[in-house]
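Coordinate-derived values only; no laboratory data. If you're wondering where the values come from, they're calculated on a predicted model, not measured in any experiment. Quick reminder, even Gly has a Cβ in these numbers, built from the backbone with ideal geometry, and neighbours come from all protein chains shown.
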Amino acid sequence: MTVRRTLAFTKRSLLQFRHDRRTFAFIIVMPLLMILIFGYTFGGDVKGIKVALINQDEGIQPIAVPGNPFPQGLFLAQNITASLDTTTLSLQASTDPVSARKQVDDGTLWAAIIFPENFSENFLSGLSHPESVARPHIEVYLDGSNPTIAGTVLRTVSQAIQETMKTFASKLNLSQTNASLAVDPVYAYGGGNTRFIDYFAPGVISFAIMMVTTMITIILFVNERRTGTLQRLLASPAKEHEIVIGYSLAFATIGLLQSVVVLTAALLIFNVSIVGNIFLALLVVMLIALGHQGLGILLSAGARNELQAIQFVPLILFPSILLAGLFWPIESIPSYLQPLCYVIPLRYGIDAERSIMLRGWGLGQVWIDIVVLIAFAMLTIGGSVLLLKRKK
Amino acid sequence: MTVSGNPGETVTSTCPTCGFHGIIRFEGAPQKTRPIIRIEQLTKTFGRFTAVDHVTLTIYGGEIFGLLGPNGSGKTTTIKMLCGLQRPTSGSASILGTPIHTKAVMQQIGYMPQEIALYFDNTVHENLAFFAGIYGLTKERFIEQEERLLQFVNLERWRDALVSTLSGGMRHRLSLACALLHEPQVVFLDEPTVGVDPELRVRFWEFFNSLSQHGVTVVITTHYMDEADRCTRVGLLRQGVLIAEGNPQDLKNKMGTSSLEEAYLRLAGRQTI
């Protein structure tokens, strides 16, 4: 293998993209567009969810009893209501739970939050008698048709409960409050502030590189075959692996360029938090590019022209979008489909990028992903070298 | 040609007509009889179809050897096997003493496929530079060769133009230049003049003659019989079988015909009886 010959392929293809402005734009603009569209549409959290608030809590009037932690009385529902995030929820005070529920049924409201009459009383008695049957409960009557909105409503309510409980913490035994009302989630990463865009940015980098590399490689090699240049190359001293590696270097370069563009946009526009080693993240990008370049060459053997090549797009696009964990965790996919997720190489790329960028993990923790990506790259690149040899 | 010498003498020079640079052997040199390509019982089958059927042939140095025959007679398959693009089903062949299908042979040969095998989204210069890289030309040699070849194929003004913007004839000329960049000793040209206008065809043939004069062996496939007349020797292929070979004039005399076309038809007819 000579470096000069190998680099001849790299140089020629990079020059080609320089002349072909449309393709160059596709390489740069596609990932940028993805991060912008998804960043703006999904990036912000949901706001202004219309919710009815029915407070029937009678509270506890101030009584001067020795040992009473609430000598000024307790109006727990009022406290919780005051802590509700009014940006996320657009609250409409109401008194009639029946009509509020009906409005939810009609679709005019997303939810009705109903505090029962004896809410404060039950809470207080629960403190002294944890085993008591009458636990305080808040009814949240929900339209579950949109899981994101339903989840946001529940999260906002439990956040308000936590806030309220915090103010009582000094007066009460904390373990008792836990037992009686609030759940206190502990965040290992992101401190509960991880936004969708943070979660999405590492995925979009991996996805864009996969798409661009696979598609362009397929078209490039279909063209090599159709125009006869591949024949010319195979009748030249160029060895098959020099052809493949030469192109790989070009795609690794393109992958790096794309990552820089997407990362810069994510940092500048969406203020995405990246805690991990950026070089490790870029290494993963290159591995994704290499593996999918090999895949592209292999797939190109199954297409006689560009029209047939385009037919591979949905074949690659949909499994990657739906099953590789780009938008939602694999755990949320039906269990019988989950094994399928683990055979999609992109899944390991996305997983590694997320772990590196969001969790700040190092090689020691993401090595399995990296090993899988290396194996995938070796398999497809080795396969494409054999394919070119066999084509004789 | 301005360079002169005695028969058999060799001189390193550059030819002013074709720009060929290297060792020039003068008329009467013994290389004319030196076997360059030896083909022994070469056969290629695709399933039940036999494309090339036990072809045995020797091509000598400095010849313009024309492979003749109608479509599907096995011309291209023969060339593809010699260039290492298709593996023979049986039989063997060697070029310059080295068996075909080795990278060592591929460095010595130039191949111009039937299609215009160029990168359309690259410039003329980038295409040439790419092939220079593949064939391992030094930078200095590439600069010389590029200038010379572009001048010859009359594309100097188009050096930085994208191939996609060139006309068909220009692309043909560039494709030829790419095949000759590394000054191969043997050149395979698969129907180089199909779709080429008459004027350019004349120029191409002047160039092939010039190459031949400099000891380069040129193997051409064609189905233009007038072109075949210009070859040093021709091999007539019919359904994969080599039915005759020899000097075009000798073949015509032997068959008692005035044209090679008639000679071919007579030979083919005799073959079927």
DSSP H segments from chain A that extend 20 Å or more along their own axis, Cα-based, with Kyte-Doolittle mean of -0.5 or above: A:3-19, A:21-41, A:147-168, A:196-227, A:240-270, A:278-300, A:345-359, A:363-390
Most mobile listed residue (B:Leu181, B:Leu166, B:Leu189) in chain B, GNM with C-alpha springs under 10 Å: B:Leu166
Using distinct alpha-carbon pairs, which all enter the 1/r mean, Kirkwood radius of chain A in Å: 24.8
Label-to-label distance, nm, for residues given as A:Arg4 and A:Leu379 (7 Å Cα→Cβ offset): 3.8
Spread of Cα-to-Cα distances over 10 Å intervals beginning at zero, given as percent, for the range A:229-338: 11, 28, 35, 19, 6, 0
Links that overshoot a 28 Å alpha carbon limit, given the list A:Lys47/A:Lys102; A:Lys239/B:Lys44; B:Lys103/B:Lys252; B:Lys75/B:Lys139: B:Lys103/B:Lys252; B:Lys75/B:Lys139
Value of relative contact order over chain B, rounded to a whole percent, pairs C-alpha under 8 Å and six or more apart: 24
Isotropic mean projected area of the C-alpha convex hull, chain B (nm²): 15.2
Helix-derived mean residue ellipticity, 222 nm - over chain A, DSSP H n ≥ 4, -39500 (n - 2.57), to 500: -21000 deg cm²/dmol
Tensor-based shape of the range B:123-206 (alpha-carbon gyration tensor, a/c under 1.5 rounded, otherwise prolate or oblate): oblate
Solution diffusion estimate, µm²/s, Stokes-Einstein, the range B:40-155, Kirkwood Rh from C-alpha pairs, 20 °C, viscosity 1.002 mPa s: 130
Fraction of antiparallel bridges per DSSP, the protein assembly as shown only, in percent to nearest 5: 50
Residue order, fewest to most surrounding Cβ atoms within 10 angstrom, among A:Leu337, B:Leu242, B:Leu68: A:Leu337, B:Leu242, B:Leu68
Förster radius 41 Å - calculated FRET efficiency between B:Glu147 and B:Arg230, Cβ distance, rounded to 0.05: 0.90
Largest-first ellipsoid semi-axes for the protein assembly as shown, taking √(5λ) over the Cα gyration tensor eigenvalues, angstrom: 80, 23, 20
Centre separation in Å (Cα based) which lies between the range A:343-362 and the range A:73-93: 39
Cα convex hull volume per residue for the range B:149-273 (Å³): 120
Two-site label geometry, B:Thr45 and B:Thr89: point separation in nm, points 7 Å out along Cα→Cβ: 0.4
Structure-based [θ]222 nm, chain B - -39500 (n - 2.57) summed over DSSP H runs of at least 4, per residue, nearest 500: -10000 deg cm²/dmol
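Taking the Cβ of each residue in B:Val124, A:Val98, A:Val153, A:Val140 as the centre, tally the other Cβ atoms inside 10 Å and list the residues starting with the fewest.
On the way: B:Val124 28, A:Val98 9, A:Val153 23, A:Val140 16.
Starting with the residue having the fewest Cβ neighbours, the order is A:Val98, A:Val140, A:Val153, B:Val124.
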Sparsely packed chymotrypsin sites (Phe, Trp or Tyr not before Pro) within the range A:302-392, loop by DSSP, other Cβ within 10 Å at most 16: A:Phe327, A:Tyr336, A:Tyr342
Percent RCO, i.e. relative contact order, over chain A, from Cα pairs under 8 Å lying at least 6 residues apart: 19
Approximate shape of the range A:300-391 as ellipsoid semi-axes (Cα gyration tensor, √5λ), whole Å, largest first: 28, 19, 11
Contact order relative to length of the range A:216-307, as percent, for alpha carbon pairs under 8 angstrom and 6 or more apart: 58
For chain A, built as a Gaussian network whose Cα springs stay under 10 Å, the top-fluctuating residue of A:Gly349, A:Gly382, A:Gly364: A:Gly364
In the range A:283-370, trypsin sites (Lys or Arg not before Pro) in a DSSP loop with at most 15 other beta-carbon atoms within 10 Å: A:Arg304
Cα centroid separation, the range B:55-108 to the range B:127-195 (Å): 22
A:Leu379, A:Leu295, A:Leu268, A:Leu358 arranged by Cβ crowding within 10 Å, fewest neighbours leading: A:Leu268, A:Leu379, A:Leu358, A:Leu295
Exercise: per-residue mean of other protein chain Cβ atoms within 10 Å, B:156-165: 1
Distance between the range A:14-36 and the range B:209-233 - C-alpha centres, whole angstrom: 46
Net length gained if the chain between A:Phe327 and A:Leu256 were fully extended (0.36 nm per residue, minus Cα distance): 23.3 nm
Within a Gaussian network of chain A (alpha carbon springs, distance under 10 Å), most fluctuating of A:Thr88, A:Thr229, A:Thr167: A:Thr167
Antiparallel content of DSSP bridges confined to chain B, in %, to 5: 60
